[in-house]
Amino acid sequence: MIRILALSSLAFVLAACDRAKIAPELTTSLAATRTSATSVLIKVHVRNDRDTASVPLDVEVTAEPRTPAAWGQPVRVIHPVPFVLNKHESRDLETTMITSTGARATLSIHEAERGRSVVTKTAVVE
C-alpha cells in the first residue's frame, strides 16, 4: 500500500516537472520600415498567450545593412535584459538604424535559462 502511494506521488511530481518544460506560447511580430532616406525603424512586439507567466525570455534583434555585393556584418540593435511576461502581457521594443541602403532584421527569442530557441523571424526593407 505504501509503495503504491509512493509511486503515485512520484508520478505526480514527474508529471508536474514535465509540464514546466512546455515551450512558451508567444505571439510575435517584427517590422522594418524606412522612415527617411537614411534611416530604418525596427519594431518588435512580443505577447504571452498563456494564462501563466512565461519563462525568462532573451530577445535579440540583429540587423544587416545591404551592400552592393551582399549583406553586411550583422549588428546587434536590440538586446534587453531577459524578462518575464505575465499572463497575456505584451512588450514593444523599437530602435532606429542609420543606413542609406536596405537592411535585413532578424528576431530571435530564446529561453534565458535553457537556451532553447522559441522564435526566429526575418524582415527585409529595401
query: Between Leu93, Leu57, Leu107, which gets the highest mean-square fluctuation from a Gaussian network model of the chain, Cα cutoff 10 Å?
result: Leu93
- prompt: How far is helix 2-19 tilted off the main Cα axis of the chain, in degrees rounded to 10, range 0 to 90?
  reply: 10 degrees
query: Leu93 versus Arg34, label points 7 Å from Cα toward the beta carbon: distance in nm?
result: 2.6 nm
- prompt: For Asp58, Asp92, Asp49, what ranking results if the residue with the fewest other Cβ atoms within 10 Å of its Cβ goes first?
  reply: Asp92, Asp49, Asp58
query: Got a sec to turn the phi values of the range 48-58 into Karplus ³J(HN,Hα) couplings, 6.51 cos²θ - 1.76 cosθ + 1.60 with θ = phi - 60°, whole Hz, x for Gly and Pro?
result: 7, 9, 8, 8, 10, 5, 7, 6, x, 10, 9
- prompt: So who's got an amide H within less than 5 Å of the one on Gly102, skipping anything under 5 residues away but keeping other chains? H placed 1.01 Å off N, in plane.
  reply: Arg66
Net charge dipole size for the range 64-126 [Lys, Arg +1 and Asp, Glu -1 on Cβ; Debye, nearest 20]: 160 debye
statement: In whole Hz, the Karplus estimates of ³J(HN,Hα) for the range 81-95 (6.51, -1.76, 1.60; θ = phi - 60°; x where Gly or Pro) are 4, x, 9, 10, 9, 6, 4, 6, 8, 10, 9, 10, 10, 8, 8
message: If the elastic network links every pair of Cα atoms under 10 Å, which of Ala23, Ala70, Ala103 fluctuates the most in the Gaussian network model of the chain?
response: Ala70
- line: Computed over the chain, the convex hull of the Cα set has an average projected area, in nm², of 9.4 nm²
- prompt: Taking the Cα centre of the chain as the origin and placing charges on Cβ (Lys, Arg +1; Asp, Glu -1), which of Ile78, Phe12, Thr38 is farthest toward the positive end of the dipole?
  reply: Phe12
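Here, each number is a calculation from the coordinates, and none is a lab measurement. Values in this document were obtained by computation on a predicted structure and should not be read as measured data. When we count neighbours, we look across all protein chains shown, and the Cβ atoms used for this are built from the backbone with ideal geometry, even at glycine.
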